[in-house]
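Visitor: Handing you this structure, nothing more for now.
What follows is calculated from the coordinates using simple rules that are stated; it is not laboratory data. Because the structure is predicted, anything quoted here is derived from the model rather than measured. Note that we place each Cβ from the backbone using ideal geometry, even for glycine, and neighbour counts take in every protein chain shown.
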Amino acid sequence: MADMMQFDLVSPERNLLSAQVSQVQIPGADGDLTAMPNHAPLITTLRPGVLTVATDKGEQEFVVTGGFAQLGEGLSVLAEQAMPKADVDQAAYEAMVAEAQTTYDQAKEAGAADDAAKSLQDMISVATLIGLTPAQAAL
């Protein structure tokens, strides 16, 4: 059996997955990365995207809207919002984009819109990754 590490994915609503995994593809804010057992320790922020987890039972995919990942002996992901990819329909996706749009609008009023604009664009791009129709945003 290949090397495995403990992986935990949690959101404020629930614990989505706790399992032994061989690798996790993470949509990092500074670029995508793949975490594997014995990876150098790191902490990174997440951008909206698809988190892909490889277990001995196959791959599982989750849509995340942001959060943090901490890699050490294992990997813990604390997502702002996360859902299994199979549960994200057009309505759920559009609700996530609307929330990102609201955050952007508030940041723009406060004069700090750059990060919020990037996050909104990343959230819109998720549609292409999961096979939905991209939403329109007002930037």
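Visitor: Suppose each label sits 7 Å from its Cα in the direction of the beta carbon; what would the Ala112-Ala98 distance come out to in nanometres?
Guide: 2.6
Visitor: Then there is this: Determine the sum of side-chain charges near Asp122: Lys and Arg each +1, Asp and Glu each -1, restricted to other residues whose C-beta is under 12 angstrom from that of Asp122.
Guide: Spelling it out: positives minus negatives among the neighbours equals 0.
Visitor: Can you give the extra length, in nm with one decimal, that the chain gains between Glu73 and Ala138 once fully stretched, where that is 0.36 nm per residue apart less the Cα-Cα distance?
Guide: 19.2 nm
Visitor: Which percent of Cα pairs goes in each bin when the distances of the chain are cut into 10 angstrom slices starting at zero?
Guide: So the P(r) values, bin by bin, are 12, 42, 32, 12, 2, 0.
Visitor: What spacing in nm lies between the two simple spin-label points modelled at His39 and Thr128, each 7 Å away from Cα in the Cβ direction?
Guide: 2.3
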